[in-house]
Every structure is written in C-alpha cells, then in structure tokens.
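One structure below.
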Amino acid sequence: MSVGLFLGFTVAHAGELMFHNSFSACWTTAITKSSFLTLVRNSIEGTQGCVSAQSGTSPFPYTVCGSPNCPGGTIGCPVTLHAATPTGDFGTGAVNATGTVDTLTVPITYNMGAGPQSCTMTLTNIATSYALQYTLTPDGNYGAYTASLATPTVSITSYTPGGNCPSLFLSLAAGAASQTQTAAANAIHPLLIAGTVDESVCPLTP
C-alpha cells in the first residue's frame, strides 16, 4: 500500500525542524533513511498483541482464546511479533517488511453434546508481511516529513496448524490467523506513531 507524496512548499511544523545548519542540505535533527527504517523495525520487533476471544455455535458451541492468557490477565491469546529490516519508498510513503510470529497457542472449549470439552490448537511457522502507509510532506528543506501513518496492514502469508484438537477444528485455524493479523496491526500502530511519525528524513537521494 502506498500514498503519494504531497508536493508543496509547506514547512513541517515540528519545532525541532526550525533549527538548521546553513551548510547542510538537511535539518540538523533529520535522520537518514536507514535510521528511519531501523526505527520502523524496532517499533515492531518483540511487540506483543492479544487475539480476542471468539465464540460460535456451528457445528456446535465453541469458544476460542477464552482464557486470561494475555498481559494483565486479559482474556485472549498472546502473539509476539518479529520483523526483518524494512524497505521504504520515500517518494510514495510506502514502507514494507516481512516477519514472523511466535507460535500461537489457541485454547478451545466446546460442547459436542457430551458436556464441556477442551483442546489446544497451535499455529507454528507463522510468516507475516507488514505494509505501512505514511503521509509525507516536504520538510521545507531537502527531506520528507512523516506527517501521519494509516493503520498498518499485517498479513499472515503462511502458517502450519497443529495441536490436539479434532480434525474438524482445522477450519478454525484460518479464523485464528485472521484475528492474529488484526491483533498485530492494533498492537504496532501506536508504537509506530510514537517512534516514526513527526520525523524529518534526509537526504532522500541517492
């Protein structure tokens, strides 16, 4: 996903950008493209999200991630994210990265008519991709200013289902993966805003 660089002559309003070394093409507080991409990775690496509980009635009543396993005793399934070094296009605002998720353990309770039962489904070898869409404006010098960040898109590109649940529960694995994507996006969004928005990135060439 990407967003166009909005061209114009507006100087970024962040106070730290007002200090300029006249012998440099960049603001004194500008960071390099490499440093910015490292900030993106650091905002994702090791972040923990929480997959919320899900319930259904077909083909029989069940609840997924219904235990208080997330930090602070929150009900859900914890997920821990990892990211490789991203790539960024500072002409369009698109930043992308690949990554992984630690093994997702999914407790399931269900009732097939013989009373409550439980089992555990696992998702292992989880591979992810991250797509970030920044709004960039000229920083009034020779760099780009990261004005805002849309909600990230996190996609699980592959995983291996396992565990001790009956085979009919394999249909729930796709739902667990989808909820993991949502949990991951929600977890990294505020961290990325805090770590990478309101930055001047310079130089942009080569």
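The values are calculated or read from the model by the stated rules, or taken from the named source; none is laboratory data. Note that the structure is predicted; figures quoted are calculated from it, not measured. Glycine also receives a Cβ, built like all others from the backbone with ideal geometry; neighbour counts cover every protein chain displayed. In case anyone asks, the SASA skips ligands and DNA or RNA and just uses the protein heavy atoms, side chains included. Shrake-Rupley method; radii C 1.70, N 1.55, O 1.52, S 1.80 Å.
Within the stretch 116-144, can you find the residues that are under 13 Å from S158 (Cα atoms) and open to solvent by 10 Å² or more (accessible area, probe 1.4 Å)?
Keep residues of the stretch 116-144 that are under 13 Å from S158 (Cα atoms), which gives 123-129.
Correct list: T124, N125, A127, S129.
Quick one: would you say T47 is β-branched (V, I, T), surrounded by fewer than 20 Cβ atoms within 10 Å (Cβ to Cβ) and touching a Phe, Trp or Tyr at 6+ places or on another chain (Cβ under 7 Å)?
Details: β-branched (V, I, T): yes; surrounded by fewer than 20 Cβ atoms within 10 Å (Cβ to Cβ): yes; touching a Phe, Trp or Tyr at 6+ places or on another chain (Cβ under 7 Å): no.
In short, no.
Within the group T157, T182, which residue is open to solvent by 50 Å² or more (accessible area, probe 1.4 Å) and not in a helix (DSSP H, G or I)?
Numbers: T182 fails: not in a helix (DSSP H, G or I).
It is T157.
What pairs can you find where one residue is in the stretch 89-104 and more than 17 Å from V51 (Cβ to Cβ) and aliphatic (A, V, I, L, M), the other is outside any loop (DSSP other than H, G, I, E, B) and open to solvent by 60 Å² or more (accessible area, probe 1.4 Å), and their Cβ atoms are less than 9 Å apart, with a gap of 6+ or different chains?
So the pair list comes out as A94/T87; V95/T87; V95/D89; A97/R41; A97/T87.
Cβ-Cβ under 6 Å, sequence separation 6+ or interchain: first residue in the stretch 66-88 and closer than 15 Å to A183 by Cβ and of a type in the set (A, V, I, L, M), partner open to solvent by 40 Å² or more (accessible area, probe 1.4 Å) and assigned to a strand (DSSP E or B). Which pairs?
I75/P68
Looking only at the stretch 53-88, count every residue that is modelled with pLDDT of 90 or more, loosely packed, with under 14 Cβ neighbours inside 10 Å and either in a strand (DSSP E or B) or aromatic (F, W, Y) (or both) and tell me the total.
The qualifying residues number 4.
Quick check on the stretch 188-202. Is at least one of its residues β-branched (V, I, T), farther than 24 Å from T32 by Cα and either assigned to a strand (DSSP E or B) or open to solvent by less than 10 Å² (accessible area, probe 1.4 Å) (or both)? Even if it seems obvious, please write down each step before you answer.
Looking only at the stretch 188-202, we keep the residues that are β-branched (V, I, T), and these are 188, 193, 196-197, 201.
Now restrict to residues that are farther than 24 Å from T32 by Cα: none.
Within the stretch 188-202 (the criterion being β-branched (V, I, T), farther than 24 Å from T32 by Cα and either assigned to a strand (DSSP E or B) or open to solvent by less than 10 Å² (accessible area, probe 1.4 Å) (or both)), the answer is no, since none of the residues qualifies.
Please go through the stretch 188-203 and give me each residue that is under 22 Å from G91 (Cβ atoms) and of a type in the set (A, V, I, L, M), ordered by number.
Result: L192, I193, V197, V201.
Keeping to the stretch 89-106, report how many residues are modelled with pLDDT of 95 or more and open to solvent by 30 Å² or more (accessible area, probe 1.4 Å).
6
Here are the criteria: (1) modelled with pLDDT under 95; (2) at positive phi. Tell me which single one N125 does not satisfy.
If we test N125 against (1) modelled with pLDDT under 95; (2) at positive phi, just (1) comes out false.
May I ask you to list the residues in the stretch 116-161 that are in contact with a strand residue (DSSP E or B) (Cβ under 6 Å, 6 or more places away or on another chain), farther than 24 Å from A187 by Cβ, touching a residue at least 24 places away in the same chain (Cβ under 8 Å) and of a type in the set (G, A, S)?
Listed by number, the residues that qualify are G143, A144.
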